[in-house]
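The structure appears below as structure tokens.
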Amino acid sequence: MMHDVLIIGGGPGGLAAAIYSTRAGAKTLLIDRVGPGGQAAMTEKIENYPGFPQGIGGLELTDAMAEQAKKFGLKIESGDVASIARGPERGFTITTRGESFQGLAVVLACGSVHKHLGVPGEDKFFGRGVHYCATCDGPFYKNKHVAVVGGGDSAIEEALFLSKFASKITLVHRRDSLRATRILQDRIQSNPKAGFLWNSEVAEILGENSVNAVKIKNRASGETSVHAVDGVFVFAGLLPDTGFLRGFIELDKDGYIVTDDEMRASVPGIFACGDARKKPLRQVITACGDGAVAGVFAARFAEEAGRST
Ligand code: NAP
């Protein structure tokens, strides 16, 4: 069945695009791997989304966005998009493992995935002491000692969340100053459970059935030391989840989707929004802003193409 607008990805960008395209009268289908919400749904509390002075739970916010989009007629399918192609006659065909969907316009809201450290032990202990989401796995570490790797907003926000459960947090950062927003830096610096290993990188994650230590290399001295920990939470940044788009549209050298101000990608009829787009600030609010623009222009493109029905 032909749709006016297909949206790949159900994070805040995809959901905002859906609200705007459905309200513009476009028959819209959103495809997501696990159901709407994206990375934002895994955030315990979002403090910088305007309108919520006390903050709002990530899942609560994205559930409300999905409900709002469905109210205007959005349909949602689960599926892991493997490829995208033009045609067969007009528009585009998106293929998941097992199904295919057609749309006159496509909004790519495919978000990002966690960067791995690529050190020995990381894959071996994945889910058995190595984690990438504190909101999901933090409660398993009540009264335990955990290492948190990274110095950005995610690392500090998630370390603060972990400090509710863990007895001790050791932050391992490759430089001598944090990248995170000042308010988060102040909070972690004054948290009595937090300790810091500066200029340090994880050389290896050690254990038997599960993690029991990390080997740390000091980048200044080159010395290594072993620290007993029960778990390692890695927040080394994000990579755009755009592998399936390689060769189809223009991506920058890091794999982010290049768009113009109207969220048009390099192929007419393809739009992009959210974390997968090349842009200077990746936040829920900017994903929603992109999504609104992409939704409006994708719906307009479908209308000019003669709509699906
Ligand atoms: P990020 O800002 O890219 O920070 C990644 C951190 O990991 C940096 O401190 C980086 O070190 C470190 N790192 C990178 N590669 C590493 C490696 N191989 N080994 C060890 N450390 C490594 O990523 P993020 O914190 O996930 O945030 C992603 C985006 O989401 C950002 O735009 C962020 O502002 C946003 N975000 C915002 C909020 C909020 O507003 N509350 C919360 C979460 C995320 P260097 O500092 O040396 O580069």
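Here the Karplus curve 6.51 cos²θ - 1.76 cosθ + 1.60, taken at θ = phi - 60°, turns the phi angles of the stretch 12-28 into couplings of x, x, x, 6, 5, 4, 5, 4, 6, 6, 5, 5, 7, x, 8, 6, 10 Hz, with x standing for Gly and Pro. For the stretch 4-55, averaging the sequence separation of C-alpha pairs within contact (under 8 Å, six or more residues apart) and dividing by the residue count gives a relative contact order of 38 percent.
In the chain, a dipole from Cβ-located charges (positive for Lys and Arg, negative for Asp and Glu) runs towards its positive end, and of GLY150, THR135, ILE84 it is GLY150 whose Cα lies farthest in that direction. Amide hydrogen proximity for ALA82: with H placed 1.01 Å from N in the peptide plane, the residues at 5 or more positions away or on another chain lying under 5 Å are THR95, THR96, ARG97. Each peptide among 286-298, 258-270 gets the average number of other Cβ atoms lying within 10 Å of its residues, and from highest to lowest they stand as 286-298, 258-270.
Quick one: Debye curve from the C-alpha atoms of the chain, no solvent, what's log10 I(q)/I(0) at q = 0.07, 0.10, 0.11 Å⁻¹? Results for the chain at q = 0.07, 0.10, 0.11 Å⁻¹ read -0.31, -0.60, -0.71.
Counting only DSSP beta bridges whose two residues both lie in the stretch 149-269, roughly 65 percent are antiparallel. Amide hydrogen proximity for LEU117: with H placed 1.01 Å from N in the peptide plane, no residue at 5 or more positions away or on another chain lies under 5 Å. Dividing the radius of gyration of the alpha carbons in the stretch 1-153 by their Kirkwood radius gives 1.05 for Rg/Rh. As a length-normalised measure over Cα pairs under 8 Å and 6 or more apart, the relative contact order of the stretch 70-164 settles at 14 percent. The stretch 152-203 and the stretch 5-72 have their alpha-carbon centroids 29 Å apart. Working note: Karplus 6.51/-1.76/1.60 with θ = phi - 60° gives the stretch 229-235 the couplings 9, 9, x, 10, 10, 9, 10 Hz, where Gly and Pro are set to x.
Give the residues of the stretch 91-112 whose amide nitrogen is closer than 19 Å to a point set 7 Å from the Cα of PHE72 in the direction of its Cβ. Hits in the stretch 91-112 for PHE72 at 19 Å: 104-110.
When peptides 181-191, 165-175, 203-213 are sorted by average Cβ neighbour count within 10 Å, with the highest value leading, the order is 165-175, 203-213, 181-191.
Keeping the other protein chains in place, figure out the carbon and sulfur percent of the accessible area of the chain, with a 1.4 Å probe. Each step should come with its number before you reach the end.
Numbers: 7270 of 14710 Å².
Roughly 49 percent of what the probe reaches on the chain is carbon or sulfur.
Summarising the amide proton neighbourhood of ALA203: residues at separation of 5 or more, or on other chains, whose placed amide H is nearer than 5 Å comprise LYS215, ILE216, LYS217. Rounded if a/c is under 1.5, else prolate if a/b beats b/c, else oblate: with a ≥ b ≥ c from the C-alpha gyration tensor eigenvalues square-rooted, which is the stretch 185-309? Since a/c reaches 1.5 and a/b is larger than b/c, the shape of the stretch 185-309 is classed as prolate. Just check the stretch 1-91 against the gyration tensor rule for me: Cα atoms, a ≥ b ≥ c as the square roots of the eigenvalues, rounded for a/c under 1.5, and otherwise prolate or oblate depending on whether a/b exceeds b/c. Prolate is the answer for the stretch 1-91, as a/c is 1.5 or above and a/b outweighs b/c.
State, as an integer percentage, the relative contact order of the stretch 30-87 based on alpha-carbon contacts under 8 Å between residues 6 or more apart. Could the numbers behind the result be given before it?
Numbers: 62 pairs, mean separation 27.5, N = 58.
Taking the mean separation of contacting Cα pairs over the length of the stretch 30-87, I get 47 percent.
Each residue of the stretch 179-184 is assigned a 3J(HN,Hα), and the resulting list reads 8, 4, 3, 3, 4, 6 Hz, derived from the Karplus form 6.51 cos²θ - 1.76 cosθ + 1.60 (θ = phi - 60°), x at Gly and Pro. Taking other residues whose beta carbon is less than 11 angstrom from the beta carbon of VAL214, and scoring Lys, Arg as +1 and Asp, Glu as -1, yields -2.
The values are calculated or read from the model by the stated rules, or taken from the named source; none is laboratory data. Values in this document were obtained by computation on a predicted structure and should not be read as measured data. Cβ atoms come from the backbone with ideal geometry, glycine included; neighbour counts cover every protein chain shown. Surface accessibility is based on the protein's heavy atoms, side chains included, excluding ligands, DNA and RNA. Shrake-Rupley method; radii C 1.70, N 1.55, O 1.52, S 1.80 Å.
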